[in-house]
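To start, the structure itself, in structure tokens.
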Amino acid sequence: MKNELQDYLGRPKRYDNIDGTGEMLMGLMMLGFTLLGYLNAVLPENSMWRHGLAGMLLMPAVLLPVLGSGYWGAKAIKKHITWPRTGYMALGGGGKSRRTTMAALSALAAGIAGISAFGIACLMRFESQHDWISLAWMGNAAIFVAAYAFWIYRMEKDRPWKWLVLLFMVLGILAIAFIAPGDIVGWRWLMLSFIGLTWLGSGGASLYLYIRHTQPPAPEAE
Amino acid sequence: MNEQLRAISELDRVIHEPGRLMIFALLGAVKECDFLYLQHETEMNKGNLSSHLARLEEAGYVEIEKTYRGKVPRTLLRLTDAGRAAFDQYRKGLKAAF
């Protein structure tokens, strides 16, 4: 009985991604940050985007359109597709303990990301340390895969095919590692883009299946 | 009386009914939701769900707000403070019982 109760308490969080918007948003965020990192890596040292006001504007100029389209796109999908079909709900009723947990998890994730970024940045100062940089990027990929596996386990109990998406992601990363020329430092943008596109595609597939399997009720339903 | 039996006997009967417990668990995890969402998640028919909600509203545990989305009527539902407190108490009681 306690387990059933726990299951019902967890349903609203799972419902939040019933239309795949959560995954699509994750994918867009990944692609946005990857694009920003790529631009930072390829822009010449004397580029105006590396100095002064333009340099400060680069990040919002890249991230705002990407994250904005994800945020407003997800809202539009919810408003025009999800809510009329299977109902509206707003998360946030869990009280103080849930907020505390979310804040702690966010801080932990930000801490891990910050330490990884700092470590990689330190290693990149020494060109002879490419093996270590590669290892760090492999660790980064492993963190993304593990986080996605945990997310599927917790949030996608009704969609076992998501495990196939995870398998596809792992095989894709390995394929990039073995097929792409050069070391992982050279193809890290390819790997991060692949992860972002996989999330975007998986969310899109969820949305397609959701639309296919649900119909808005008759107007007098409520 | 055995402690566990006492804990079971003290559970709130309004919440303890399986249909209403489902509703409580769903409402307990959200800020608010509409009737359609509850119907989708509980798989109850309209009549059943309405009668459970009426019982919960009568007990002061659920707030029901009739509104419109465009021209379509919408029923918004949320737990009241008393409802949240009763649900917390119920969960503690259930934990003690098991």
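Taken together, the values in this text are just the output of simple stated rules run on the coordinates, not laboratory data. Nothing here was measured: the structure is a model prediction, and the numbers come from that model. Neighbour counts are summed over all protein chains in view; Cβ atoms, including those assigned to glycine, are modelled from backbone coordinates with ideal geometry.
For B:ARG74, what residues show an amide H to amide H distance below 5 Å, using hydrogens built from the backbone and excluding near sequence neighbours?
Sorted by chain and number, the residues that satisfy this are B:THR67, B:TYR68, B:ARG69.
Can you compute the FRET efficiency between A:LEU167 and B:ARG6 using 1/(1 + (r/R0)^6), with r the Cβ-Cβ distance and R0 = 51 Å? Round to the nearest 0.05.
The formula returns an efficiency of 0.50 here.
Largest first and to the nearest Å, give the Cα extent of chain B along each principal axis.
Each principal axis gives a Cα extent; for chain B these are 56, 25, 21 Å.
Report the dimensions of the range B:23-67 along its three principal axes from the alpha-carbon atoms, largest first, rounded to Å.
Between the extreme Cα coordinates on each principal axis of the range B:23-67 lie 24, 23, 22 Å.
For the range A:1-54, run through the GluC sites (Glu not before Pro) and keep only the ones in DSSP coil with at most 15 other Cβ atoms within 10 Å of their Cβ.
Passing both the DSSP loop test and the Cβ count: A:GLU45.
Between B:GLU57 and A:GLU4, what is the spin-label point distance in nm, taking each point 7 Å from the Cα along the Cα→C-beta axis?
Once both label points are built, they end up 2.6 nm from each other.
On a straight-distance basis, which lysines could pair with A:LYS78 in a cross-link, Cα separation under 20 angstrom, same-chain partners fewer than 8 positions away excluded?
Of all the lysines, those that pass the test against A:LYS78 - Cα under 20 Å, at least 8 places apart if same chain - are A:LYS13, B:LYS31, B:LYS71.
Calculated FRET efficiency, A:ASN46 and B:LYS31, Cβ-Cβ r, R0 45 Å, to nearest 0.05?
That pair, A:ASN46 with B:LYS31, gives E of 0.30.
If r is the Cβ-Cβ distance from A:LEU135 to A:LEU36 and R0 is 25 Å, what FRET efficiency results, to the nearest 0.05? Write out the running numbers ahead of the final one.
On the way: r = 23 Å, r/R0 = 0.93.
Taking R0 as 25 Å, the efficiency between A:LEU135 and A:LEU36 is 0.60.
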